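First the structure, in the form of structure tokens, and then the observations on it.
The values are calculated or read from the model by the stated rules, or taken from the named source; none is laboratory data. None of the values given here were measured: they were computed from a predicted structure. Cβ sites come from the backbone with ideal geometry, for glycine too, and all protein chains shown count toward neighbours.
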Amino acid sequence: MIPKIGIIGGGRFGEMHLKVFRQLEAEGRCTLVGLADVKPSVLRRRRKEYGVRGFHSHRDLIRRTQPDAVTVVTPDHLHRKVAVDALNAGCHVLVEKPLDVTTAGAKAILAAAKKNRRLLAVDFHKRHAPPHIALKQAIAQGKLGRIEYAYAWMEDRIEVPRDWWPEWSPRSSPLWFCGVHYVDVFRWMVGNPNARTVYATGHRRKLKSVGVGTWDAIQTHVTFEGDIQFTIHVSWILPEEFEAIVDQGLRIIGTEGRTELDGQYLGVRHCFNGEGMATENFEFYHETIRPDGSIRYSGYGIDSIAEFCDRLNDLTAGATLKDLEGKYASGEEALEVVRIAEAAHRSARTGRIVRLR
């Protein structure tokens, strides 16, 4: 039997999930049973665009469709309630990063998954980017020697917190929204070490001036086990005229080598009259028109969601949760990322180093 999947949250990134599971459904890999969203306008739009059944609450979707699994694509601070409800109802769950915005919430989700013996995966899509996969392989082969330190940056245009999500961005930050991607992918590359200490500073100026009460930028330094040093700078106040929604990159230095990945210039750069310069990241998301006129979605942003369906089909074929360990971004790995991000916010507020171990 192919898995029945429901989506909880139909906003900007919820639409990405709709595209993925409609495509997988056409390939016979799953059945999309419904979408839940608390906003009637979102449900009306998605029903029209994707022909999906709509529900006004996640509980209603679960009760009426009895899915094998759900994906949680709600605002970050709502993850705990929705994920725990779904797990307790017997669903396998994929949660968009971060798992939660508190360590307590992440632990509660993880406990529900273990109690109900259900798959808990987190969508850290940067693990699926080809340059990151290649770098992980190079590190495993010893080409960089012993990893000494790394530096990452991820910066969004100001429209993201101000215009995309003005209702819930004050309950988030650029570290929760985008920085956790690089915290996770760096840990994944170097063997998932735990953090010992976290120190961070931050700023609240620009967004406050436009009525959004959250962090403009946060600079975080993490010391991992093995004395691996990692620094990440994040913000979401780039000017609207900047050519891409996000500027990002990663630099890693080891005893035997150095590598740098520019995460912005991975696709096509163009300029049209009246629109200015723009950078397209086709590695993350791309639409191809097939000969029959249908659209094929591809990219690592698609692959990371589709991976959840693959793991569900593994379970249907007889695999156990133990068999799947190491084949997806797990709740345990995501919990450590939450610990680090929560410690960074505490450090930025107090000006003190936070010791985790």
Quiz item: Out of curiosity, is residue 184 closer than 21 Å to residue 231 by Cα and crowded, with 22+ Cβ neighbours inside 10 Å?
Solution: yes
Practice problem: Report, by residue number, each residue of segment 47-62 that is more than 20 Å from residue 79 (Cβ to Cβ) and either out of contact with any Lys or Arg (no Cβ under 9 Å at 6 or more places or on another chain) or outside the structural domain of residue 26 (by TED's automatic domain parsing) (or both). | Solution: 48, 49
Quiz prompt | Verdict on residue 317 being at pLDDT 95 or above, within 23 Å of residue 21 (Cα to Cα) and not acidic (Asp, Glu) | solution = yes
Practice problem: May I ask you to list the residues in segment 118-139 that are out of contact with any strand residue (DSSP E or B) (no Cβ under 6 Å at 6 or more places or on another chain), within 17 Å of residue 324 (Cα to Cα) and basic (Lys, Arg)? | Solution: 127
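State yes or no: is residue 232 more than 26 Å from residue 151 (Cβ to Cβ), buried (at least 19 other Cβ atoms within 10 Å of the Cβ) and of a type in the set (A, V, I, L, M, F, W, C)? Steps first, please.
Details: more than 26 Å from residue 151 (Cβ to Cβ): no; buried (at least 19 other Cβ atoms within 10 Å of the Cβ): yes; of a type in the set (A, V, I, L, M, F, W, C): yes.
The answer is no for residue 232.
Here's a check for you: in segment 77-108, which residue that is of a type in the set (A, V, I, L, M, F, W, C), out of contact with any strand residue (DSSP E or B) (no Cβ under 7 Å at 6 or more places or on another chain) and in a helix (DSSP H, G or I) is farthest from residue 57 (Cα to Cα)? Give the steps one after another, and end with the answer.
Going residue by residue through segment 77-108, those that are of a type in the set (A, V, I, L, M, F, W, C) are 78, 82-84, 86-87, 89, 91, 93-95, 99, 101, 104, 106, 108.
Narrowing further to those that are out of contact with any strand residue (DSSP E or B) (no Cβ under 7 Å at 6 or more places or on another chain): 78, 84, 89, 101, 104, 106, 108.
Retained after the next criterion (residues that are in a helix (DSSP H, G or I)): 78, 84, 104, 106, 108.
Values: 78: 13, 84: 14, 104: 24, 106: 22, 108: 21 Å.
If we take residues in segment 77-108 being of a type in the set (A, V, I, L, M, F, W, C), out of contact with any strand residue (DSSP E or B) (no Cβ under 7 Å at 6 or more places or on another chain) and in a helix (DSSP H, G or I), then 104 is farthest from residue 57 (Cα to Cα).
Go through segment 240-263 and report how many residues are over 13 Å from residue 143 (Cβ atoms), outside any strand (DSSP E or B) and more than 20 Å from the chain's Cα centre (by Cα).
Going residue by residue through segment 240-263, those that are over 13 Å from residue 143 (Cβ atoms) are 240-251, 260-263.
Checking the rest, the ones that are also outside any strand (DSSP E or B) come to 240-245, 263.
Among the residues that remain, those that are also more than 20 Å from the chain's Cα centre (by Cα) are: 240-243.
Qualifying residue count, segment 240-263: 4.
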Quiz prompt | Unique residue being touching a residue at least 60 places away in the same chain (Cβ under 8 Å), closer than 23 Å to residue 124 by Cβ and not small (Gly, Ala, Ser) when the list is 99, 87, 18, 32 | solution = 99
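For residues that are in contact with a strand residue (DSSP E or B) (Cβ under 7 Å, 6 or more places away or on another chain) and buried (at least 17 other Cβ atoms within 10 Å of the Cβ), scanning just segment 38-48, find the one that is farthest from residue 305 (Cα to Cα). Break it down stepwise before answering.
Pass one, segment 38-48, residues in contact with a strand residue (DSSP E or B) (Cβ under 7 Å, 6 or more places away or on another chain): 43, 46-47.
This time we only want the ones that are buried (at least 17 other Cβ atoms within 10 Å of the Cβ), so: 43, 46.
On the way: 43: 21, 46: 19 Å.
It comes out as 43.
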Quiz item: When segment 181-201 is examined, which residues are found to be in contact with a strand residue (DSSP E or B) (Cβ under 9 Å, 6 or more places away or on another chain) and in a helix (DSSP H, G or I)?
Solution: 181, 182, 183, 184, 185, 186, 187, 189
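Each row is one residue, and each column tells you yes or no for (1) exposed (fewer than 14 other Cβ atoms within 10 Å of the Cβ); (2) outside the structural domain of residue 113 (by TED's automatic domain parsing); (3) touching a strand residue (DSSP E or B) at 6+ places or on another chain (Cβ under 9 Å); (4) closer than 29 Å to residue 193 by Cβ.
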{"position": "242", "(1), (2), (3), (4)": "no, yes, yes, no"}
{"position": "256", "(1), (2), (3), (4)": "yes, yes, no, yes"}
{"position": "280", "(1), (2), (3), (4)": "no, yes, yes, no"}
{"position": "295", "(1), (2), (3), (4)": "yes, no, yes, no"}
{"position": "314", "(1), (2), (3), (4)": "no, no, no, yes"}
{"position": "318", "(1), (2), (3), (4)": "yes, no, no, no"}
Exercise. Write out, first by first residue and then by second, each pair whose Cβ atoms fall under 7 Å of each other, whose residues are 6+ apart or on separate chains, and whose first residue, in segment 330-357, is surrounded by 13 or more Cβ atoms within 10 Å (Cβ to Cβ) while the second is among the aromatic types (Phe, Trp, Tyr).
Key: 341/176; 347/199; 353/199
Quiz item: What do you reckon, is residue 76 closer than 21 Å to residue 301 by Cα, crowded, with 23+ Cβ neighbours inside 10 Å and not aliphatic (A, V, I, L, M)?
Solution: yes
Quiz prompt | segment 189-207 residues that are in the same structural domain as residue 137 (by TED's automatic domain parsing), paired with ones that are among the polar types (S, T, N, Q) and assigned to a loop (DSSP other than H, G, I, E, B) (beta carbon under 9 Å, 6 or more apart) | solution = 202/173; 204/214; 207/214
Quiz item: Which is among the small types (Gly, Ala, Ser) and surrounded by 23 or more Cβ atoms within 10 Å (Cβ to Cβ), of 9, 51, 14, 28?
Solution: 9
